[in-house]
Structures are given as C-alpha cells and as structure tokens.
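Structure, as structure tokens:
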Amino acid sequence: MKVLVIGSGGREHAIAYALKKSKKVDEIHAIPGNPGIAALGTCHNGSVEDLEGILKFVEEHDIDFTVIGPEVPLCKGLADLLEDHGHKVFGPRKFAATLEGSKAFSKDFMARHHIPTAAYKEVNTYDEAMIALKEFSYPVVVKADGLAAGKGVVICEDEKMAKETLKEMLVDGILDGAGSKVVLEEFLTGFECSLLCFTDGKTIVPMVSAKDHKQVYDGNKGPNTGGMGTVSPNPFLPENMEEIFQKDILNPFMEGLKKDHMDYRGVVFIGLMIENNQAKVLEFNVRFGDPETQSILLRLDSDLFDIMYAVSTRSLDQVEVKWKDEHVACLVLASGGYPQSYAKGKVITGLEKVDDDVVIFHAGTAMKDDNLVTSGGRVLNICALGSSLQETREKVYKAAKVIDFEGKYYRQDIGLR
Ligand code: AMP
Ligand code: GLY
C-alpha cells in the first residue's frame with residue numbers, strides 16, 4: 001500500500017513511524033512532512049490547506065490511503081473531497097469535523113445529546129454578549145467559535161477583562177472570522193485530562209491515557225502552548241474513570257453521532273475536566289493530539305494501518321487494538337521564547353549521540369545547507385519506553401542534554417505533579 005500522511009509535526013512523524021512498522025505499508029509519502037518523516041518515506045512540497053492540490057497528488061501518485069493529521073484540512077473538507085473521488089481516507093468528513101471547527105456547534109451537540117459540559121451561551125454581537133455576561137460569575141471563559149490555532153480561549157478573571165476580550169473578538173476582529181461568533185462558558189475547576197479514541201461511527205475504542213503539560217514553564221506556570229510534553233499512562237488519572245468515561249461521555253457521544261447522522265471516522269480527542277469523579281467535556285478535537293500521540297502510539301501493540309483502514313471502512317469491530325503494558329515519556333525541546341516569538345534556523349547538533357532506545361520525532365525542523373535546523377516553536381520530541389515513569393524520564397532527560405541548539409528550552413517536570 002502507498003500511504004500519504006498530511007501534516008508536518010511531531011504527531012505526523014509519530015503516525016508515519018507507526019505506519020512504517022506495518023507489513024501492509026510499502027511506501028510512505030507526506031505533504032509537506034518534515035526531515036524526520038523524510039527518513040521513513042518521501043516528503044513532497046505542498047500545503048495541507050490546498051485540497052485540490054492534495055487530490056491531484058493522490059491521483060497522480062496512485063496513493064491507496066491518506067491519513068489527515070491536522071484539523072484545518074479536516075474542517076475544510078479534505079476527507080470529503082478525497083472520498084467523493086473514490087479514495088480511502090482516515091479522518092472525519094467536514095460535517096463531523098465541525099465538532100472542532102465550531103465551538104457553538106460542539107456545545108449544541110453536547111446539550112442535545114446530554115453530554116456533560118460547562119453551562120454556556122452563544123453570542124454574535126458585542127451588545128448580545130454584554131447581556132449574556134450578566135448570567136455568568138467570574139472567572140468566565142470566552143471562546144472564539146472558529147479555529148484560532150490555540151488562541152481562541154481566554155479565561156477572564158473579571159468583568160473588565162471579559163469586556164476587553166469580547167470587544168477584541170467581536171468588534172476588533174483580532175481573530176478574523178474565528179471570533180465573529182463567541183461562546184461564553186462557565187469556568188470549571190478540577191483536573192484536566194484528555195481521552196483519545198478511534199471511532200468508525202459505530203464502534204468507539206478508547207486509547208491508553210496520556211497526560212499533556214500545556215503551560216510553558218515548570219509547575220504549570222506561564223502561557224499555554226500546544227503541549228510541552230506527555231507521559232502515558234496518565235499517572236494522575238483517578239482509578240475506575242474508564243467506566244465513567246464510557247457511560248457518561250462515550251455512550252451519549254456515539255448515540256449523538258447516530259441521531260445526527262454524523263459520519264465520524266477517525267480519531268476523537270476529548271478534552272475533559274474531572275472533579276469528584278465526574279467528567280465534563282471541555283472540547284472535542286477531531287484529530288490526534290500533539291504531543292499526546294507521540295506517547296500513545298509508541299505503546300500501540302497492534303498494526304496502526306489495520307486500525308486506520310478498519311476505521312475508514314467502518315469495520316473497527318473486526319480489529320483488535322492492543323497496547324503495551326509499558327510507560328512512555330515524550331519531552332518537547334522548544335525554541336526559547338515559544339509560544340511567543342522565537343528564533344528559527346538554529347543548527348541542531350548531537351542527535352547521533354542519543355541512546356538507541358530513545359525515539360526522536362521531528363516537530364519543527366528543516367534542512368538548510370545540509371544542516372538540520374530549527375524551524376518552529378516546538379522543535380523535537382524526545383520519547384522513550386520503559387517499565388516505569390521514572391525510567392522513561394531518565395532516558396528522555398539524558399537525551400535532552402546531549403541534543404543542542406541555540407535557545408534550547410524544555411520543562412524539567414514532565415510526568416511530575
Ligand atoms: P479548549 O480549546 O476548549 O479545550 O480550551 C483550552 C483550554 O482552556 C483547556 O484545555 C482548559 O485548560 C481551558 N478551559 C476551556 N474551557 C474551560 C472551562 N469551561 N473551564 C475551565 N477551563 C477551561
Ligand atoms: N496537545 C493538545 C492538542 O493537540 O490539541
């Protein structure tokens with residue numbers, strides 16, 4: 001089989017790495033890919049948002065199966081375009097992808113299908129927002145409706161901040177179209193965790209748990225990032241949550257898909273807040289998480305291609321999804337300054353000195369004059385399997401010391417409380 005992976009991050013490198021292990025996968029291609037993926041297959045220039053260009057590529061290169069990594073092409077309808085031309089795809093169609101593409105749509109879906117979530121109100125104008133604001137106490141959560149690359153959620157401590165944020169989104173349009181509609185939401189307290197599942201719309205199979213560390217600094221200080229590291233299993237997850245997740249979240253979610261005739265085939269990544277053994281949904285993402293995927297897929301003990309193909313062909317109930325009873329840590333090496341501005345083009349050294357039992361996924365790297373250089377905020381993902389969290393931490397932190405580039409930054413407390 002010739003498989004095409006859409007995307008360029010550590011998540012897509014981890015997907016390509018797992019697919020490469022399948023006997024059924026003969027060739028891996030990526031658009032645009034990255035230098036790490038280039039070691040597993042062939043990377044091709046192109047934008048993940050150029051839907052027609054991707055269709056043309058699939059047809060010209062006789063691609064058998066396309067795996068779509070990021071949310072933007074999913075929300076734009078890449079799965080629909082490819083499928084409607086007879087190609088097999090992993091990733092939900094546009095209507096289902098709206099669960100991530102529109103916060104208001106997603107909240108309405110939850111309300112309609114009795115999926116526990118924070119109280120909310122959708123507003124379309126600043127005046128409407130001022131009236132709705134009176135129904136909430138502080139802090140209040142202000143969410144831009146559309147995709148905003150992680151900048152769409154603001155936790156407002158007081159009325160002044162809420163008004164400013166609402167003005168920026170609804171009047172000034174700082175998030176362009178993404179903020180022309182806004183969801184106001186009750187602030188939830190508790191412990192955050194994410195639940196990733198494979199689903200073909202009929203069957204849903206939860207993956208092993210993973211803990212993401214979102215804030216940039218140790219001790220969960222500083223601004224939110226895309227994720228500074230993950231461990232799997234999630235050491236903080238209370239016991240017996242699996243049953244609660246199934247009953248309170250996954251069962252009504254699947255019922256909802258059915259009732260709304262939503263053809264959902266791919267990954268659903270559910271952001272949850274847990275308090276007193278109750279789970280509430282913060283958000284749905286219609287794709288793998290980054291860097292959760294890097295940890296989770298290293299624990300997969302089944303053939304990822306078989307699972308993805310079964311999802312695509314609505315036969316997930318026919319495959320076994322097995323996991324290794326091991327721990328994984330994934331540490332993000334970032335460019336100093338991330339998630340704000342940071343330098344690019346810094347030469348990366350020391351990769352050859354890393355121990356063999358460490359897996360490095362590329363997230364923001366590029367080749368320049370035969371050198372591997374930094375090209376993003378999150379540069380490399382250092383991952384290791386082990387029999388304990390402690391062992392995996394030792395492995396990844398040892399590697400983090402020998403890899404170097406100017407401005408290298410990483411959290412010291414991945415996997416710790
Ligand atoms: P979202 O993109 O909706 O997951 O929001 C991004 C982050 O904002 C989440 O990971 C939470 O840390 C925080 N957040 C979102 N909604 C709420 C809420 N209702 N209460 C508390 N924190 C929230
Ligand atoms: N790590 C969070 C995300 O992928 O959205």
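Can you tell me which residues in region 200-225 are among the polar types (S, T, N, Q) and within 15 Å of Phe245 (Cβ to Cβ)?
Here is the first cut: in region 200-225, the residues among the polar types (S, T, N, Q) are 203, 209, 215, 220, 224-225.
Within region 200-225, Ser209 is the sole residue that qualifies.
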Count of region 224-244 residues which are open to solvent by less than 10 Å² (accessible area, probe 1.4 Å) and among the hydrophobic types (A, V, I, L, M, F, W, C)
3
Of Glu168, Glu186, which residue is closer than 30 Å to Leu250 by Cα, open to solvent by less than 80 Å² (accessible area, probe 1.4 Å), over 23 Å from the mean Cα position of the chain (by Cα) and not small (Gly, Ala, Ser)?
Glu186
The number of residues in region 143-165 that are in a helix (DSSP H, G or I), in contact (Cβ under 8 Å) with a residue 24 or more places away in the chain and within 16 Å of ligand 1 (Cβ to nearest atom) is 1
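Look at Ile174 and say whether it is away from ligand 2 (no atom under 16 Å from the Cβ) and within 17 Å of Asp248 (Cβ to Cβ). Before you say what the answer is, go through the steps one by one.
Numbers: away from ligand 2 (no atom under 16 Å from the Cβ): yes; within 17 Å of Asp248 (Cβ to Cβ): no.
No: the conditions fail for Ile174.
For residues that are among the aliphatic types (A, V, I, L, M) and under 20 Å from Ala104 (Cβ atoms), scanning just region 272-288, find the one that is surrounded by the most Cβ atoms within 10 Å (Cβ to Cβ).
Just the residues of region 272-288 that are among the aliphatic types (A, V, I, L, M), to begin with: 272-274, 279, 281-282, 286.
Now restrict to residues that are under 20 Å from Ala104 (Cβ atoms): 272-273, 281-282, 286.
Details: Leu272: 24, Met273: 19, Val281: 23, Leu282: 19, Val286: 26.
Only one residue tops the list, namely Val286.
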What number of residues in region 87-105 are surrounded by fewer than 24 Cβ atoms within 10 Å (Cβ to Cβ) and of a type in the set (Gly, Ala, Ser)?
3
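Considering only region 91-122, state which residues are closer than 16 Å to Val267 by Cα and either hydroxyl-bearing (Ser, Thr, Tyr) or in contact with a strand residue (DSSP E or B) (Cβ under 7 Å, 6 or more places away or on another chain) (or both).
Gly91, Pro92, Thr98, Leu99, Glu100, Ser106
Answer yes if at least one residue in region 133-144 is closer than 20 Å to Lys76 by Cα and either within 16 Å of ligand 2 (Cβ to nearest atom) or exposed (fewer than 13 other Cβ atoms within 10 Å of the Cβ) (or both), and no otherwise. Can you show your working first?
Taking region 133-144 and keeping what is closer than 20 Å to Lys76 by Cα, we get 144.
Filter again for either within 16 Å of ligand 2 (Cβ to nearest atom) or exposed (fewer than 13 other Cβ atoms within 10 Å of the Cβ) (or both), leaving 144.
Scanning region 133-144, I find at least one residue that is closer than 20 Å to Lys76 by Cα and either within 16 Å of ligand 2 (Cβ to nearest atom) or exposed (fewer than 13 other Cβ atoms within 10 Å of the Cβ) (or both), so the answer is yes.
Just to be sure I understand, how many residues within region 212-233 are of a type outside the set (A, V, I, L, M, F, W, C), outside any strand (DSSP E or B) and within 13 Å of ligand 2 (Cβ to nearest atom)? Please lay out each step first, then the result.
Filtering region 212-233 down to residues of a type outside the set (A, V, I, L, M, F, W, C) leaves 212-215, 217-227, 229-230, 232-233.
Within this subset, residues satisfying the condition of being outside any strand (DSSP E or B) are 213-214, 218-220, 225-227, 233.
Still in the list and also within 13 Å of ligand 2 (Cβ to nearest atom): 213-214, 225-227.
Number satisfying all stated conditions: 5.
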From the residues in region 102-136 that are touching a residue at least 24 places away in the same chain (Cβ under 8 Å) and of a type in the set (Gly, Ala, Ser), which one is nearest to Asn251 (Cα to Cα)?
Ser106
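The values are calculated or read from the model by the stated rules, or taken from the named source; none is laboratory data. These figures come from a predicted structure and were not determined experimentally. Cβ: placed from backbone, ideal geometry, glycine included. Neighbour counts: every protein chain shown. Heavy atoms of the whole protein, side chains included, go into the accessibility calculation; ligands, DNA and RNA do not. Shrake-Rupley method; radii C 1.70, N 1.55, O 1.52, S 1.80 Å.
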